[in-house]
Amino acid sequence: MSSRLLMTTLSLTLFVACEGEKQNDNKPPEPPKPEAVKPEAKKLDPWAVPPPPPTSVYSGPLFAMSHDYPKTPVAPPADPPWRKASGGGLITTANAAAYTQALKDYVAADMKVLLYDYPAWNAGTAGWYNAPWLTSVREPIHGTYVGSSFTKEYFPLSGLTADMTTHVLVYYDDVAAAVLQGIWGPTGMDPVPGIKAGLAQYPEGSIIVKPAFTTASAATWPVLDGAMTWPIYAVPDDGSSTEPVLQNVTFFQFDIIVKDSVASPTTQWVFTTLVYDKNAPGDNWDKMVPLGAMWGDDPSVVSPQGCDPIKGDCPALSETWINPVAPVYAKETLGWGGRLSGPNDGSVDINAAVIQADGSVKPYNGRYAMSSCMSCHQSAEYPLQTFLLPSPSVCGQGGQDSCTPTLVTCEGETCTPFTGTGNPLVAYYDSGSADYMQWFMNRPGTQAMSSTATAMDYGMNNAFKAIPGWVAATGGKPVGHAHKLSDYRGHPKHAAAGAAAQPKAPEQPKQ
Ligand code: HEC
């Protein structure tokens, strides 16, 4: 299986590159005609909402962009409950459960309206905000867009029987919205001066949430039995149509991150996530149980690749806490050495190649864990100068603000650079090597991975979605297309509408 996933990734990259070139080729040598102005003006609306479904298909509430960002900074709560949970001191594996619960409780009232009482949801009134420039990828009912796709082989222990695509969306609280105001406000047009001025740095107490849904259902993944669903109007997962259809997606992961320099003085962030547990008591919100929390990447712990956090044979971590009673499906995709990562996050590759000490590349037989919430997020920078997973990358090709990892094809134990035929695998750095550890460094959010970029303070929604979306839409600096950004999360099957029609690479026997 899986070889075709990377093929799709690559095809998408080429597709987008061609699209960019075509635009340039089509550029009329003469000044644009007046009639070209109208569609262009529409395209340039940073806050546009996607066109609604026909009322014959759906007539309920629709997504509305919340972009009336606070003009002046909003102070976080003076004595926030999460700080009480960590006793006013450091977050530790001993208090992380209480800390995660405090964050969940803090956002509960608003999130219950968003999740379960959508007609009553008004994000702006509730003080939650969206980033601009995602219109081309959002669906119109809830404003979700494709996160990742996973084949069923990613979840061998929990009985996923069909490949799935995930759909996500992001809300910033009124404190975190200072970054949206700082880099986008009020025009939504040029984030670069704000970024350069340090305005992509989140204020203390910022909270950002990200609910994630999957096209899997209880029928294809029994762990989702009884879970809540949302209707979305999006291109179907099975490739049966390239047009959007009304479909239900299942709520299964909910991320909450907070900037807390007291609990987490090194990275200044705490990343937490909740997952659906059908066996937990209570209503749907109660059944969203903590999977865990992390506040650093444990740079000093060199976890053996292949250790199993479910069996519990990985070296102990002191900057990740995993809930011992979290459901197995959510633990089978934990990150490197059991560092926090959720079932929506793609920290494991089931068909990887690894760069050896002598520089040669060999296929890796097994599940290769190579990321974590904060490993991936610390790569947020502008312009992007590194891929978000630990692989040597080529960035800025074709003038795009994106990076491609190193791809190889392997015959037996020998891998050679991918030349366009065969099954490409990502060649990762060897876990624990100095190069690999660059992704597990505990950098402060002010320090970019690369010396030639400005750090985006762990903020991926802007670095990987909104900013490239802006450039793609304005054509000012052709830095890629928002459609392909989902490629960077796990291994997309057909993340964009255009990709559904991609020919599938032939199945290859496994090593
Ligand atoms: C392999 C990379 C990767 C991993 C692992 C990952 N994320 Fe993300 N995350 C992203 C990308 C890319 C985005 C932006 C996509 C979007 O707009 O939805 C994002 C967006 C987010 C956001 C919205 C705020 C922002 O950064 O702009 C939150 C919150 C978030 N992730 C939390 C988490 C948590 C919690 C985990 C671990 C449980 C996690 N992420 C793991 C790549 C990753």
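Read the figures in this text as sums done on the coordinates, not as results from a lab. None of these values were measured; they are calculated from a predicted model. All Cβ positions, even for glycine, are placed from backbone atoms using ideal geometry, and neighbour counts span all protein chains on display.
Structure summary
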{"item": "For residue 361, distant residues with modelled amide H under 5 Å away", "result": "356, 415"}
{"item": "Segment 415-428 - phi-based ³J(HN,Hα) in whole Hz, Karplus 6.51/-1.76/1.60, Gly and Pro as x", "result": "10, 10, x, 5, 10, x, 10, x, 9, x, 10, 6, 8, 9"}
{"item": "Percent RCO, i.e. relative contact order, over segment 61-155, from Cα pairs under 8 Å lying at least 6 residues apart", "result": "39 percent"}
{"item": "Charge dipole magnitude, Cβ of K and R +1, D and E -1 - segment 61-146, Cα centre, debye nearest 20", "result": "180 debye"}
{"item": "Calculated over segment 333-407: convex hull of Cα atoms, volume per residue (Å³)", "result": "107 Å³"}
{"item": "Cut-off under 5 Å, modelled amide H: who pairs with residue 292 long-range", "result": "273, 323"}
{"item": "Gyration tensor verdict on segment 329-459 (Cα atoms; rounded if a/c is under 1.5, prolate if a/b is larger than b/c, oblate otherwise)", "result": "oblate"}
{"item": "Local net charge near residue 428, Cβ-Cβ under 14 Å (Lys/Arg +1, Asp/Glu -1)", "result": "-1"}
{"item": "Segment residue 313-residue 248, extension gain: residue separation times 0.36 nm, minus the distance between their alpha carbons", "result": "19.6 nm"}
{"item": "Whole-Hz ³J(HN,Hα) from phi, Karplus 6.51 cos²θ - 1.76 cosθ + 1.60, for segment 187-203, glycine and proline x", "result": "8, x, 9, 9, x, 5, x, x, 4, 4, 7, x, 7, 8, 8, 6, x"}
{"item": "Residues 373, 395, 415 arranged by fewest to most Cβ contacts within 10 Å", "result": "395, 415, 373"}
{"item": "Ranked list, fewest to most other Cβ atoms within 10 Å of each Cβ, for 416, 135", "result": "416, 135"}
{"item": "Per-residue Cβ neighbour rank within 10 angstrom, fewest leading, 129, 58, 368", "result": "58, 368, 129"}
{"item": "For residue 147, residues with placed amide H under 5 Å, excluding near neighbours", "result": "166, 167, 168"}
{"item": "Restraint check, 104/152; 84/104; 112/465; 210/259; 104/287, Cα-Cα greater than 20 Å", "result": "104/152; 112/465"}
{"item": "Over 18 Å [Cα-Cα, segment 81-184], rounded percent", "result": "66 percent"}
{"item": "Relative pair counts by distance (%), Cα atoms of segment 193-330, 10 Å bins", "result": "10, 28, 29, 24, 8, 0"}
{"item": "Segment 206-279: equivalent-ellipsoid semi-axes (sqrt of 5 x gyration tensor eigenvalues, Cα, Å)", "result": "32, 16, 9"}
